[in-house]
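First the structure, in the form of structure tokens, and then the observations on it.
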Amino acid sequence: MEPLLIVASGITALCIGGLVLRSFGRGYRIGRLLAATPEASIDEALALAARGTARYLRLHGRLDSEVDFPDEHERPLVFRRRRIEARTDGRWRTLDESREVVAFQLDEGLVSIAIEGSALDEGLVVLPRESLGTAADARDRVPADLPSTTPVRLRIEQLSAVEHATVVGVPRIEPGGGAIVGPGLGRPLIVSTLEPVEAMQLLAGGERRRPLLAAGLLVGGLGLVALGIAWAVARAVAG
């Protein structure tokens, strides 16, 4: 097999792998940002914010708040989002959403930085609690014209003040003088309380085959491209 054909096969595998990843929609973007954003300490984030340097960073630490609120199990929450969703046309559509959020921060040792919790949207990556039913079971909370047999779910996502988290965003100085991390540079604020593998599986909609297929195509494609280039270089040197 000619080196050029091997390189072309590798590029094809890379393109197909990329298309498989993009089929996850918003989850693909969040997962890519979680994995690829440069990591920094909170000290480094505070220094960049003080200099006015906008940088999208990945931070790690423990969530904390002085004004948390309890859930039904007395866990100290800093953020809770409830969504009522209906499955129509093959996807879940939000019918109603409510959220509760208080001022909270990310701690690392003796330093901390505030988190712009009000800006959290698609970047919230936590294990949700779900209650499934039909429109008939929640008739007082769904549109009257929604067919009674339509699948409906209540989805609750929350953050606790005792959890360790990965926060991805742009640190900045607020008008009042304190530092906060939020969305910026055209990218969302991300807060994840899951390990990387768990986060990627959740963002993939709980699927395992497609992420594994994508990973195999990307790794295999890179290997074929490298092999083809190495073979071409070796042939040129030998010739």
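The values are calculated or read from the model by the stated rules, or taken from the named source; none is laboratory data. Quick caveat: nothing in here was measured; it's all calculated off a predicted structure. Cβ sites come from the backbone with ideal geometry, for glycine too, and all protein chains shown count toward neighbours. Each accessible area value is taken on the protein alone, full model and side chains, heavy atoms only, with ligands, DNA and RNA left out. Shrake-Rupley method; radii C 1.70, N 1.55, O 1.52, S 1.80 Å.
Here are the numbers for the structure shown:
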item: Cβ-Cβ under 9 Å pairs, at least 6 apart or on other chains, the stretch 97-125 side on the phi > 0 side of the Ramachandran plot, far side surrounded by 21 or more Cβ atoms within 10 Å (Cβ to Cβ); result: Gly109/Ile42
item: Matching residues in the stretch 51-95 - criterion: being of a type in the set (A, V, I, L, M, F, W, C) and open to solvent by 80 Å² or more (accessible area, probe 1.4 Å); result: Val67
item: The stretch 103-131, residues that are surrounded by fewer than 17 Cβ atoms within 10 Å (Cβ to Cβ), assigned to a loop (DSSP other than H, G, I, E, B) and at pLDDT 95 or above; result: Ala103
item: Count - residues of the stretch 33-50 that are within 17 Å of the chain's Cα centre (by Cα), outside any helix (DSSP H, G or I) and either surrounded by fewer than 17 Cβ atoms within 10 Å (Cβ to Cβ) or without any contact (Cβ under 8 Å) to a residue 12 or more places away in the chain (or both); result: 2
item: Top-ranked residue in the stretch 193-239 [being among the basic types (Lys, Arg) and either surrounded by fewer than 13 Cβ atoms within 10 Å (Cβ to Cβ) or not in a helix (DSSP H, G or I) (or both); ranked as modelled with the lowest pLDDT]; result: Arg208
